[in-house]
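S.K.: My questions all concern the structure below.
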Amino acid sequence: MKSQSAMEYLMTYGWAILVIAVVLGVLFQLGVFSSANFAPKAKAGQCQIQVVGSGQSTTHQLAGLCSPELPQFVAQLGGSGAYLQMPTSTFPANEVLNNLTYTAWAYDSGITGFGGGIVGAGTCNGLDCADIEYNDIAIRFEQQGGSGGYTPFALGSYKGTWVFLTLSIGSATGEADYVDGKLVAQNGAYIGPLTFTYPGCCGAYKLGTWDNWFNGYISNVQIYNASLTQAEVTALYQEGIGGTPVRPQNIVAWWPLNGNLNDYSGNNNNLQNNGAGFDGAWTNTYSGPE
């Protein structure tokens with residue numbers, strides 16, 4: 001009788017148990033139970049750089065709640081005509097830079113085949129002075145005499161996952177490209193000085209007209225007027241997508257993109273929106289530094 005009752009129980013509830021197991025499996029695959037969904041989220045502007053003093057005595061320091069929590073939102077680019085434009089104050093006309101670093105977290109949706117521009121500024125005789133693209137982590141530059149250069153690193157295998165991209169340019173070190181805090185390409189020749197004739201943007205780049213649209217997410221873009229070291233780049237990556245600037249004194253712009261386009265570097269270089277949005281369910285796609 002007991003074995004018959006057990007069999008009747010399985011016959012009655014077995015399908016329900018199987019359906020529940022399948023649903024749970026699907027939810028795990030979708031990342032619903034990811035720890036990132038339950039981690040505390042940072043509010044927009046809870047950490048920013050405070051400028052203290054004036055002139056040569058000016059200092060820049062982090063202020064507020066600056067633990068590297070996950071942001072509530074990330075910027076969402078649709079891959080067709082959507083971009084975030086930098087103000088002209090980011091790189092004033094005729095400004096000459098010998099050292100420069102871009103960092104950005106990006107997630108390519110994989111919908112478009114070519115990739116797209118992540119962050120860049122320039123146009124020097126038809127070439128982008130410096131930019132990071134998703135298809136290639138790269139720099140385009142003009143040297144004396146008008147010659148250009150380009151150092152690629154293919155990123156096709158990173159589609160559908162968050163990746164931390166860094167482009168560092170130094171008068172002493174040349175160009176260095178980093179992926180997830182690791183050096184992947186380097187050109188030791190001196191590059192520059194860099195002179196920008198348009199301010200640039202996030203989510204596209206401009207060669208005459210805006211093009212090379214990015215389809216996916218972008219978060220925590222930082223621009224420095226210094227060449228970050230490999231140790232600093234690795235430290236930024238280990239902080240994760242909510243990481244704070246490692247050199248506040250050298251920050252030009254800091255756009256967390258956590259629900260707004262504000263610059264939290266203290267330099268008031270707020271971005272201008274051209275068709276981009278924000279996504280609050282992005283944590284399903286994020287697993288954090290390895």
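S.K.: Got a sec? Which of Glu133, Glu142, Glu175 is of a type in the set (Asp, Glu) and at pLDDT below 70? Break it down stepwise before answering.
M.R.: Working: Glu133 fails: at pLDDT below 70; Glu175 fails: at pLDDT below 70.
Unique residue meeting the criteria: Glu142.
S.K.: Of all the strands (runs of 3 or more DSSP E) wholly in segment 177-258, which have at least 3 residues that are in the same structural domain as Gly78 (by TED's automatic domain parsing), among the hydrophobic types (A, V, I, L, M, F, W, C) and surrounded by 21 or more Cβ atoms within 10 Å (Cβ to Cβ)? So that I can check it myself, show each step before the final result.
M.R.: Numbers: elements: 182-187, 198-202, 205-207, 209-211, 215-224, 251-255.
Passing ranges, in order: 215-224, 251-255.
S.K.: Please specify each residue of segment 243-252 satisfying the condition of being in contact (Cβ under 8 Å) with a residue 24 or more places away in the chain and not β-branched (Val, Ile, Thr). Can you show your working first?
M.R.: Restricting attention to segment 243-252, the residues satisfying the condition of being in contact (Cβ under 8 Å) with a residue 24 or more places away in the chain are 243-245, 248-252.
Hits for segment 243-252 are Gly243, Pro245, Pro248, Gln249, Asn250.
S.K.: So which of Gly266, Gly288 is of a type outside the set (Phe, Trp, Tyr), over 22 Å from Thr59 (Cα atoms) and touching a residue at least 40 places away in the same chain (Cβ under 8 Å)? Outline the logic, then answer.
M.R.: Numbers: Gly266 fails: over 22 Å from Thr59 (Cα atoms).
Going through Gly266, Gly288 in turn, the sole match is Gly288.
S.K.: Look through Pro92, Pro68 and report the one residue that is closer than 26 Å to Glu239 by Cβ, out of contact with any strand residue (DSSP E or B) (no Cβ under 6 Å at 6 or more places or on another chain) and not polar (S, T, N, Q).
M.R.: Working: Pro92 fails: closer than 26 Å to Glu239 by Cβ.
Result: Pro68 is the single residue among Pro92, Pro68 that is closer than 26 Å to Glu239 by Cβ, out of contact with any strand residue (DSSP E or B) (no Cβ under 6 Å at 6 or more places or on another chain) and not polar (S, T, N, Q).
S.K.: Anything in segment 38-90 that is at pLDDT 90 or above, touching a Ser or Thr at 6+ places or on another chain (Cβ under 7 Å) and assigned to a strand (DSSP E or B)? List them, or say none.
M.R.: Cys47, Ile49, Leu62, Leu70, Pro71, Val74, Ala75
S.K.: Within the set of pairs 6+ apart or on separate chains, which have a first residue in segment 216-242 that is under 22 Å from Asn284 (Cβ atoms), a second that is buried (at least 22 other Cβ atoms within 10 Å of the Cβ) and among the acidic types (Asp, Glu), and C-beta atoms under 8 Å apart?
M.R.: Pairs found: Gly216/Asp108.
The values are calculated or read from the model by the stated rules, or taken from the named source; none is laboratory data. Source: prediction; values computed, not measured. Neighbour counts are summed over all protein chains in view; Cβ atoms, including those assigned to glycine, are modelled from backbone coordinates with ideal geometry.
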